[in-house]
Amino acid sequence: MKIGFIGLGKMSTAIIRGLKNTSFEIIAAGRDPQKTAQDAEQLGITAISEHQALIEQADLIILGVKPQVLPSITAKLHFRQPVISMAAGISLNRLAELIDDKLPLIRIMPNINAQILESSTAICGNDKVDAGLMDLAKEITNSFGRTFDIAEKDFDTFTALAGSGPAYIYLFIETLSLAGVKHGLTKNQALDIVSHTMLASVQNLIANNDSPHDLIDKISSPGGTTIAGLLELEKNGLTTSVIAGIDAAIDRAKKL
Ligand SMILES: NC(=O)c1ccc[n+]([C@@H]2O[C@H](COP(=O)([O-])OP(=O)(O)OC[C@H]3O[C@@H](n4cnc5c(N)ncnc54)[C@H](OP(=O)(O)O)[C@@H]3O)[C@@H](O)[C@H]2O)c1
């Protein structure tokens with residue numbers, strides 16, 4: 001099975017690092033053949049200088065270019081195989097217009113954690129995608145993280161939670177660390193403490209059947225420090241503020 005990448009940027013590179021742990025053969029065509037050849041050599045894959053030549057050789061295509069340039073690239077090409085697109089905001093219907101409405105088309109939404117092969121990736125396909133092809137696509141997405149079957153109508157919500165989510169989590173880590181600095185820790189000390197606490201808290205949540213609320217109750221002793229902090233956070237609207245942020249990200253995704 002030969003997988004052909006069109007576009008060899010940050011996300012394609014991360015995905016290819018995952019695919020290197022599988023038996024798939026990988027070929028790629030970027031914008032600039034010289035740069036593609038250099039990048040391909042580093043990744044241990046085969047560079048192809050022409051997009052159409054890549055399409056003739058590949059069993060499956062992965063489009064790794066920005067949504068803005070996708071239409072101008074696909075307009076010049078004739079696809080004959082299943083295509084996976086990771087382009088934010090490009091629907092399956094739009095892909096069918098750009099590529100071929102008779103071909104199996106799959107839309108995925110990976111996130112930045114693909115860099116450490118821990119992406120949260122949403123997947124959905126059009127009605128030409130059979131179960132075997134979907135399994136194959138998931139073998140690809142599972143090679144760089146975990147795959148979530150998401151109805152296309154929920155892709156914008158997924159994008160806000162998993163695509164933008166890491167930025168919100170980093171902001172929370174940064175903010176907790178600043179609180180540590182305010183009270184005398186160095187920034188590095190505070191970041192170290194908060195990062196480990198964040199990691200272990202998520203591991204604890206996943207390892208147990210407890211809900212976040214169960215765990216909050218376990219930490220909040222009567223009249224103690226945690227409940228005092230929680231009430232102050234809510235007085236300042238943490239829950240409504242986070243949900244409003246997600247609303248804004250979803251609204252923005254719908255307008256892309
Ligand atoms: N980055 C993320 O966290 C993320 C998350 C989810 C989805 N995505 C999606 O992933 C896709 C790629 O994003 P990215 O972050 O990897 O962007 P990127 O690093 O800018 O990669 C895009 C690549 O496309 C290449 N390209 C431009 N014009 C081309 C052409 N005519 N033919 C072939 N290749 C061409 C660029 O080459 P040059 O550099 O030589 O111009 C670049 O290597 C986008 O559709 C984005 O929506 C990204």
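Computed values, structure above
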read-out: In segment 1-104, the GluC sites (Glu not before Pro) that fall in loop regions by DSSP, at most 12 other Cβ within 10 Å; value: 50
read-out: At 1.002 mPa s and 20 °C, Stokes D of segment 61-114 from Kirkwood alpha-carbon radius, µm² per second; value: 189
read-out: Principal axis dimensions, largest first and in whole angstrom, of segment 2-155 by Cα; value: 39, 34, 27
read-out: For segment 12-52 versus segment 107-158, the gap between their alpha-carbon centres in whole angstrom; value: 20
read-out: Total formal charge among the other residues, if their Cβ is under 14 angstrom from that of residue 66, Lys/Arg +1 and Asp/Glu -1; value: +2
read-out: Carbon plus sulfur fraction of accessible area for the chain, probe 1.4 Å, in percent; value: 57
read-out: Helix axis angle, 33-43 relative to the chain longest principal axis, alpha carbon, degrees; value: 60
read-out: Over the chain: helical MRE at 222 nm, DSSP H runs n ≥ 4 each giving -39500 (n - 2.57), nearest 500; value: -15500 deg cm²/dmol
read-out: Compactness relative to 2.2 N^0.38 Å, alpha carbon Rg of segment 165-255; value: 1.24
read-out: Protection-proxy order for peptides 5-16, 191-202, each taking the mean of Cβ atoms within 10 Å per residue, highest first; value: 5-16, 191-202
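The values are calculated or read from the model by the stated rules, or taken from the named source; none is laboratory data. Predicted model only: the values in this text are computed from it and were never measured. Cβ sites come from the backbone with ideal geometry, for glycine too, and all protein chains shown count toward neighbours. Ligands, DNA and RNA are stripped out before the accessible areas are found, and what is left, the full protein with its side chains, is counted by its heavy atoms. Shrake-Rupley method; radii C 1.70, N 1.55, O 1.52, S 1.80 Å.
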